[in-house]
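The values are calculated or read from the model by the stated rules, or taken from the named source; none is laboratory data. What you see is a predicted model, and the numbers here were worked out from it, not measured in a lab. Backbone-built Cβ (ideal geometry, glycine too); neighbour counts: all protein chains shown. Just the protein is used for accessible areas: all its heavy atoms, side chains included, with ligands, DNA and RNA removed. Shrake-Rupley method; radii C 1.70, N 1.55, O 1.52, S 1.80 Å.
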Amino acid sequence: MKTKSQLLYAAILCAFAMTAGAQTVRVANQGDALSMDPHSLNETLQLSVTSNVYEPLVGRDKNLNLAPALATSWKQISPTVWRFELRKGVQFHDGKPFTADDVVFSLARVAGEGSDLKSNVNDIKEVRKVSDYVVDIETKAPFPILPDQLSTTFILSKKWCEENQATRPVDRRKGIENAASFRANGTGPYRLRERQPNVRTTFVRNGNYWGKIDGNAQEVIFTPIGNDATRVAALLSGEVDVMEPVPVQDIERVKASPNTKVMTGPELRTIFLGMDQKRDELLYSNVKGKNPFKDKRVRQAFYQAIDIDGIQKTVMRGASKPTAEMWGPGVNGFMPELNKRLPYDPEAAKKLLAEAGYPNGFEVTMNCPNDRYVNDARICQTVAQNLARIGVKINLAAETKGTYFPKVLRRDTSFYMLGWSPTTYDAHNAMNALMSCPDDKGVGQFNLGSYCNPKFDQLTRAVQSETDKTKRMALIKEAAEIHAADIGHIPLHQQALAWGMSKKVDMVQLADNFMPFKWISIKK
C-alpha cells in the first residue's frame, strides 16, 4: 500500500507529465507565492514570482544594477523631487495602454490599507502626473536612493483594478482576498494563464512584451513541493527542470547526478530572531504581569545561549555565514569591523537571566516557518534546545508560511524567526523596515517585536537624506552600534543559495534570490 507522500509524489509527476511541452520549464519550490497581488506580501518568493508578470518603474539587470523598466529615465529636478520619464507604447496584458495614471494609482495603492509594501513608499509625500508619460515624485526629505526603493514596487492597471474591485491590496494579515489574488494583469514578460494556489501556477510568454526576452521558455509551470526528499526526487527523475532550495544535505548528491547540476552563491538575506519588546505582558509565556524581553539582560541571555557555530556546522552543513549585523556582505553599509558576535556562553546567559529575576528561566512560544528559509524549522528546533540549557522552555510553533506570515505580520507573536533581503541593497532598507519604531505609515512595518530607540530613528532619517557617502557610512555605523548594544534583534546568519537544475537549463542566479523567467533557457 502506498503512503500518503508516495501518492502525493505520483500526483505531482502525473501533473507535470500532462502539462509539460516544448520549451516548457518546470520549476519547483519549497513554498508557493501566497497571492498574485504584488502589493500583498513583502516576501522574496512572492515578489520574485509576481515580478515576471508585473514590473516596476526601475528594475535590475543581471548584475543587480539599476536598469530602466517602465521608466526610461529618471533624475532629480530639486532636492526632494524626482522626475520619471515613462516608457511609451507599453500595453498591459489585457491590451490597455500603460500611462502615468497607472503609476499615480499604483503608488497610492502601495501606500494604502492592506499593503505589505508601505515601507517602500513611506517617504513619498506626493506623486504628480505631469503628462501621460511623465511623473514627478516628491519625497518628504531628500531621498537619494528613491529609484532603488522603487525597484520592487510594481505597477498595476488602474482601469483593471477598478473594473475588478481590486483597488486595495489583498490583506494577508486579515485573510482578505480579491480578484488580484488569483488573476493578474501586468506589463511583464510573462502572463498568468492558470492559478491553483498551493498546487500549480502556469505562466506563458507575453508575445506583446515591450522588451527583450533573452531566454527561450515559452511556458513556466511553478509547483510548490514542500517535502525536501520529494523535491529532490522530482529533479533527479527529470520530472522538474529547476528546483530551489536544494537541501544542504543533498547538494553533493544532486551534483553527482549525470543529468543535474547545482548553482550556488551567496544570498543577501539575513536570518534573525525578534522578540516582543512592547507589550507589558507577553501573549505567549508563563510570565504574567510583565514582559521579560523588555529587559536587555534577557535578550542578551538568549543571544549568548545560541550556539551559532553548531547551527552552521550541523544544521546548515557549512552553507551559512554567522553574523552580528542585520545586513550582510553585498549590502551597502555592511562593516566587517562590526561583524563580531557576542560569544556563545551558556553560563554567562544563565547569570544574566538570574540577574534579571529569572533564575529558573521561563516559558515562551517561538513562531517559525517550516517551508520558507533553508532548514528553518531545524534552526528553530536547535535554538529551542540551546535555550533549554539555560532553563528557558520553548514551545515551538513551526508552520507553513501560508499561516505563519499572516500571524506574525499582525504581531500576534512573542518570539519569532524572520529573514530579510534589503531590496535596495542598502542598509537604510533594513533600518527603515525592520528596526525603526513602527508607525501606521510603513516605518518599522516589519519590526514585529516593536524594538524602539528614538536615537536610532533619528539616524535612520539622517541616512535617508545624506548624500555624502563618507558621512552616510558614519551614520549607518553609529545606528548599527546602537542597535547591537540594545540587542534589538538577534541576528543569526546569511544563508547560501542552492538551486538545482537539469544540465539542459541555463539560468541567471541573483544574490537577492529572484528568479526572472526571461533569463531561463532550456535545451530540448
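In segment 204-231, how many residues are closer than 15 Å to Asn29 by Cα and surrounded by 21 or more Cβ atoms within 10 Å (Cβ to Cβ)? Reasoning before the result, please.
Here is the first cut: in segment 204-231, the residues closer than 15 Å to Asn29 by Cα are 220-231.
So of that shortlist, the ones also surrounded by 21 or more Cβ atoms within 10 Å (Cβ to Cβ) come out as 220-225, 231.
Of the residues in that region, 7 qualify.
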Of the residues in segment 490-510, those that are within 18 Å of Glu43 (Cα to Cα), open to solvent by 30 Å² or more (accessible area, probe 1.4 Å) and either among the charged types (D, E, K, R) or not in a strand (DSSP E or B) (or both) number 1
Can you pull out the residues in segment 434-450 that are open to solvent by less than 10 Å² (accessible area, probe 1.4 Å) and in contact with a Gly (Cβ under 7 Å, 6 or more places away or on another chain)? Met435, Ser436, Leu448, Gly449
With respect to Ala384, determine if the residue is buried (at least 21 other Cβ atoms within 10 Å of the Cβ) and among the small types (Gly, Ala, Ser). no
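Any idea which residue in segment 387-403 is nearest to Asp295 (Cα to Cα), counting only those that are open to solvent by less than 20 Å² (accessible area, probe 1.4 Å) and not β-branched (Val, Ile, Thr)?
As a first pass, look at segment 387-403 and keep what is open to solvent by less than 20 Å² (accessible area, probe 1.4 Å): 387, 390, 392, 401.
Those still in the list that are not β-branched (Val, Ile, Thr) too: 387, 401.
On the way: Leu387: 17, Lys401: 30 Å.
If we take residues in segment 387-403 being open to solvent by less than 20 Å² (accessible area, probe 1.4 Å) and not β-branched (Val, Ile, Thr), then Leu387 is nearest to Asp295 (Cα to Cα).
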Would you call Asn63 within 30 Å of Ile145 (Cβ to Cβ), out of contact with any strand residue (DSSP E or B) (no Cβ under 8 Å at 6 or more places or on another chain), surrounded by fewer than 22 Cβ atoms within 10 Å (Cβ to Cβ) and modelled with pLDDT under 95? yes
Exactly one condition in (1) surrounded by 17 or more Cβ atoms within 10 Å (Cβ to Cβ); (2) over 23 Å from Pro245 (Cβ atoms) is not met by Ala354; state its number. (1)
Kindly check whether there is at least one residue in segment 263-284 that is of a type outside the set (Val, Ile, Thr), in contact with a Pro (Cβ under 6 Å, 6 or more places away or on another chain) and surrounded by 20 or more Cβ atoms within 10 Å (Cβ to Cβ). yes
Which one of the conditions (1) of a type outside the set (Phe, Trp, Tyr); (2) more than 22 Å from the chain's Cα centre (by Cα); (3) open to solvent by less than 20 Å² (accessible area, probe 1.4 Å) does Pro97 fail to meet, given that it meets all the rest? (3)
How do the pairs read when you match residues in segment 175-199 that are basic (Lys, Arg) with residues anywhere that are part of a strand (DSSP E or B), using Cβ under 6 Å and keeping only pairs 6 or more apart or on different chains? Arg191/Val204; Arg193/Thr202; Arg193/Val204; Arg195/Thr201
Of the residues in segment 104-149, those that are buried (at least 24 other Cβ atoms within 10 Å of the Cβ) and farther than 19 Å from Ser436 by Cβ number 4
Checking the structure you have, find out if any residue of segment 309-321 is open to solvent by 10 Å² or more (accessible area, probe 1.4 Å), modelled with pLDDT of 95 or more and touching a Lys or Arg at 6+ places or on another chain (Cβ under 7 Å). no
Close pairs (8 angstrom Cβ cut-off, 6 or more residues apart or separate chains): in contact (Cβ under 8 Å) with a residue 24 or more places away in the chain in segment 503-514, of a type in the set (A, V, I, L, M) and open to solvent by 20 Å² or more (accessible area, probe 1.4 Å) anywhere: Met507/Met263; Gln509/Met263; Leu510/Leu64; Ala511/Leu64; Asp512/Leu64
Select, from Ile476, Ile487, Ile482, the only residue that is closer than 25 Å to Phe302 by Cα, surrounded by 18 or more Cβ atoms within 10 Å (Cβ to Cβ) and either over 20 Å from the mean Cα position of the chain (by Cα) or at pLDDT below 95 (or both). Ile487
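Among the strands (runs of 3 or more DSSP E) lying completely within segment 204-280, list those that include at least 3 residues that are among the hydrophobic types (A, V, I, L, M, F, W, C) and touching a residue at least 40 places away in the same chain (Cβ under 8 Å).
Values: elements: 219-224, 242-244, 260-275.
Here the list reads 219-224, 260-275.
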